[in-house]
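What follows is calculated from the coordinates using simple rules that are stated; it is not laboratory data. For clarity, every value in this text was computed on a predicted model and none was experimentally measured. Using ideal geometry, Cβ is built from the backbone for each residue, glycine included, and neighbour counts are taken over all protein chains shown.
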Amino acid sequence: MIILPAIDIYGGAAVRLLRGDFEQMTVYDSDPVAVARRMKKAGARHIHIVDLEGAKAGKPVNFDIIAKIIADTGLLA
């Protein structure tokens, strides 16, 4: 079994929605890249990244942040 840590990005922050409800959003960290670094330090080799704004817009919105996560950590998205 492979467990994939996940980061949801909204407004440039690492967040989590309650049951997919954008009105019930918890911000966990204002720096998703730092979150990914901590995940890598904890042993992650892959990561699941969700661009929540991109999902709503139907096109990538947080591409720069996702690219920085991959470049800085080497984690495969």
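Assorted remarks:
- Summed side-chain charge close to residue 33 - residues other than residue 33 whose Cβ falls under 9 Å, Lys, Arg +1, Asp, Glu -1: 0
- Choice from 54, 20, 12 with maximal GNM fluctuation in the chain (Cα, 10 Å cutoff): 20
- Compactness of the chain was expressed as the Cα radius of gyration divided by 2.2 N^0.38 Å, which yields 1.05.
- Most to least packed among 27-34, 40-47, 4-11 [average Cβ atoms within 10 Å]: 4-11, 27-34, 40-47
- Environment charge at residue 56 (Cβ cut-off 15 Å; Lys +1, Arg +1, Asp -1, Glu -1): -4
- Electrostatic bookkeeping for residue 17 treats Lys and Arg as +1 and Asp and Glu as -1; over the other residues with beta carbon under 14 Å from its beta carbon, the sum is -2.
- Point-to-point label distance, residue 28-residue 1, nm (Cα→Cβ direction, 7 Å offset): 1.8 nm
- Take the Cβ atoms of residue 57 and residue 37, set R0 to 35 Å, and the FRET efficiency comes out at 0.85.
- Between 0 and 90°, nearest 10: helix 32-41 axis offset from the chain longest Cα axis: 30 degrees
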